[in-house]
Amino acid sequence: DQVINRHDIFNVEMAQVLEYASEMDSIVCLGIPPTRPDTNFGYIQTSDPGAQGRPVKIKTFTEKPDAELAKVFIESGEFLWNSGIFVGRASTLKAEMEKHSPMITKPWKGWEESLGSDDQENFLRRVYADSPNIAIDYAVMEKTDNAMVYAAHFKWADIGNWESLYEYLAVHDANGNAIHPDSKTLIRESHGNIIYSDKKGKLTAIMGMEDFMIIDTEEVLLICPRNGGKFKDFRAELVMPEFSDYR
């Protein structure tokens with residue numbers, strides 16, 4: 001659910017990060033300059049907020065703070081969003097997991113003997129069944145003192161919520177409607193809506209709507225308020241058998 005644009009910048013910066021990471025015994029995270037106090041992202045406090053073109057030591061790593069804390073982070077100017085892109089030598093990542101989250105690495109003991117043997121499939125099944133469901137952010141990055149961050153400048157969006165989608169869509173009209181560039185629209189007396197259609201040539205016409213989402217795809221038409229407070233409960237109804245094809 002990540003979107004990366006400006007691939008020219010991404011390629012240059014990623015090459016630099018790979019070079020740095022290959023020469024140091026640290027995990028390097030790509031950080032994104034934040035544009036709003038979003039509570040859906042992780043935040044990285046950098047030891048040198050003005051550093052450009054090189055990794056710097058991470059002071060703190062906070063995963064998904066509350067709204068008040070996120071606002072403090074933004075106002076301080078010391079924080080970057082965690083892009084979820086981590087670069088490090090395999091030996092470094094392994095050592096950090098063994099140190100901070102041994103419950104991940106212990107089940108793999110003896111993998112060398114099992115690889116290529118008749119027991120390989122059973123071994124892998126046991127390992128994955130015993131592995132904890134935990135992201136590297138929690139398992140390693142919040143605990144390690146061996147992490148650095150590189151301030152990146154390519155265009156990045158984690159489309160994990162509707163506000164991210166609103167910011168990502170390329171076209172915003174004078175009334176704050178976020179419109180997918182391929183969508184053909186007729187909009188009157190409407191403000192702050194998200195309008196997306198993947199059907200080229202089909203007109204989406206709306207009037208008198210404010211802060212709504214109009215999402216039209218091949219199999220589903222969604223029309224609901226942008227306020228996501230009740231949307232998760234609404235979406236949960238997709239578990240019903242009659243909606244299983246649209247999950």
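Things worth noting here:
- Surface composition of the range 88-247: carbon plus sulfur atoms contribute 54% of the solvent-accessible area (1.4 Å probe, protein chains only, all chains present).
- Answer label, with Rg and Dmax of the Cα atoms in Å calculated from the coordinates and candidates (1) 24.8, 99; (2) 22.1, 68; (3) 22.1, 87: (2)
- Cβ-based net charge around residue 207, under 9 Å, with every Lys or Arg adding one and every Asp or Glu removing one: 0
- Relative contact order computed over the chain (Cα-Cα under 8 Å; 6+ residues apart), in percent: 19
- Pairwise FRET efficiency - residue 182 versus residue 125, Cβ, R0 = 51 Å, nearest 0.05: 0.70
- In plain terms, the chain from residue 191 to residue 72 could stretch by 39.9 nm, reckoned as 0.36 nm per residue minus the Cα-Cα distance.
- Accessible-area ranking of 30, 203, largest first, probe 1.4 Å: 203, 30
- Selection among 52, 91, 220 by position relative to the dipole of the chain gives 52 as farthest towards the positive end (Cβ unit charges, Cα centre).
- Reachable aspartates and glutamates from residue 99, criterion Cα separation under 17 angstrom, eight or more residues apart if same chain: 25, 137, 142, 145
- Reachable lysines from residue 71, criterion Cα separation under 22 angstrom, eight or more residues apart if same chain: 59, 155
- Sequence-distant aspartates and glutamates (8 or more away, or on other chains) whose Cα lies within less than 12 Å of residue 199: 182, 216, 218, 219
- Cβ-Cβ FRET estimate between residue 111 and residue 210, R0 fixed at 45 Å, reported to 0.05: 0.20
- Once the Cβ-Cβ distance of residue 172 and residue 93 is raised to the sixth power relative to R0 = 35 Å, the FRET efficiency obtained is 0.30.
- Largest GNM mean-square fluctuation across 171, 127, 56, computed for the chain with C-alpha springs under 10 Å, falls on 127.
- Of the complete DSSP H runs in the chain, those spanning 18 angstrom or more by Cα along the long axis with a mean Kyte-Doolittle score not below -0.5 are 7-23.
- Annotation note: GluC sites (Glu not before Pro) in the range 106-193 located in DSSP loop regions with a Cβ neighbour count of at most 12 within 10 Å are 189.
- Most fluctuating residue given options 138, 128, 166, as computed from a GNM of the chain linking Cα atoms under 10 Å: 128
- Remark: the chain carries 60 Å² of accessible area per residue (probe radius 1.4 Å; ligands, DNA and RNA excluded).
- Global form of the range 37-100, assessed from the alpha-carbon gyration tensor, a/c cut-off 1.5: oblate
- Value at 222 nm in deg cm²/dmol, rounded to 500, when DSSP H runs of n ≥ 4 in the chain each add -39,500 (n - 2.57): -8000 deg cm²/dmol
- Whole-angstrom gap from the range 116-140 to the range 162-215, using each part's C-alpha centre: 43
- Most fluctuating residue given options 223, 58, 44, as computed from a GNM of the chain linking Cα atoms under 10 Å: 223
The values are calculated or read from the model by the stated rules, or taken from the named source; none is laboratory data. None of these values were measured; they are calculated from a predicted model. Reconstructed Cβ throughout: ideal geometry from the backbone, glycine too, with neighbour counts over all protein chains shown. These area figures cover heavy atoms from the full protein model, side chains too; ligands, DNA and RNA do not enter into them. Shrake-Rupley method; radii C 1.70, N 1.55, O 1.52, S 1.80 Å.
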